[in-house]
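Please treat every number below as a calculation from the coordinates, not as lab data. The structure displayed is predicted, hence computed values, not measured ones. Glycine gets a Cβ as well: all are built from the backbone with ideal geometry, and neighbour counts include every protein chain shown.
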Amino acid sequence: MPDFSKFTIPLAKAGRERGISPVTMHRWAFKGCRGVVLESVLIGGRRYVSADSLTNFFAALNSDAIAAPTSPTPDADGAAREAAIARAEAELETAGA
């Protein structure tokens, strides 16, 4: 159970002070980003964060422990792509399309 006395910053205000949309802050608190969720508490119908929770969230996003999504590395000459295109065209031709 979090120590509620540390959660003194309204979520939207924390975002505005950092140039981050309040909508983004709420998304980070509910769904997270790259597997990391911003720790927050709901007090009296308003969501609050602590300075520590913000620091921990941003540190976790920038740590090496979380692998950033990467795009597939294409082969140097595109041979695999060309082969896949040829197979797909052959299948279409066989199917009569």
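Miscellaneous remarks
- Using distinct alpha-carbon pairs, which all enter the 1/r mean, Kirkwood radius of the range 4-61 in Å: 11.1 Å
- Taking label positions 7 Å along the Cα-Cβ direction at both ASP3 and PHE30, the computed distance is 3.0 nm, reported to one decimal.
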